[in-house]
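The values are calculated or read from the model by the stated rules, or taken from the named source; none is laboratory data. Owing to the predicted nature of the structure, the values given are computational and were not obtained by experimental measurement. Positions of Cβ are generated from backbone atoms using ideal geometry, with glycine treated the same way; all protein chains shown enter the neighbour counts. All accessible areas refer to the heavy atoms of the entire protein, side chains included, with ligands and DNA or RNA removed. Shrake-Rupley method; radii C 1.70, N 1.55, O 1.52, S 1.80 Å.
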Amino acid sequence: MPKYYEDKEEDGRACGGVREDLRQCLLESPCVLQENKSPKQCLREGHCRSLQMTFFACKRSMVSVRSVFSSASGV
């Protein structure tokens with residue numbers, strides 16, 4: 001369940017809420033807390049995979065919208 005809407009400041013960046021949830025998931029994962037690995041290493045090992053996919057899908061949708069506007073201006 002996303003937590004970004006609960007008592008958090010507005011990020012302002014694209015997909016900021018999902019980014020924060022992914023960050024929090026990694027920091028609270030057993031990989032980081034018990035195995036003392038870096039969040040980046042835990043992400044590579046597949047922890048918090050669903051949030052990672054959601055974040056990348058959100059970022060991809062932003063790129064798609066921008067390419068529509070940039071290609072339309074070249075016509």
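Table: residues versus (1) at pLDDT 90 or above; (2) in a helix (DSSP H, G or I); (3) out of contact with any Leu (no Cβ under 6 Å at 6 or more places or on another chain).
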| position | (1), (2), (3) |
| --- | --- |
| Ala14 | no, no, yes |
| Val18 | yes, yes, yes |
| Asp21 | yes, yes, no |
| Lys37 | yes, no, yes |
| Met53 | yes, yes, yes |
| Phe56 | yes, yes, yes |
| Met62 | no, yes, yes |
| Ser70 | no, yes, yes |
Report task. Find the residue count for region 36-46, including only residues that are open to solvent by 100 Å² or more (accessible area, probe 1.4 Å) and over 16 Å from the mean Cα position of the chain (by Cα). Result -> 1
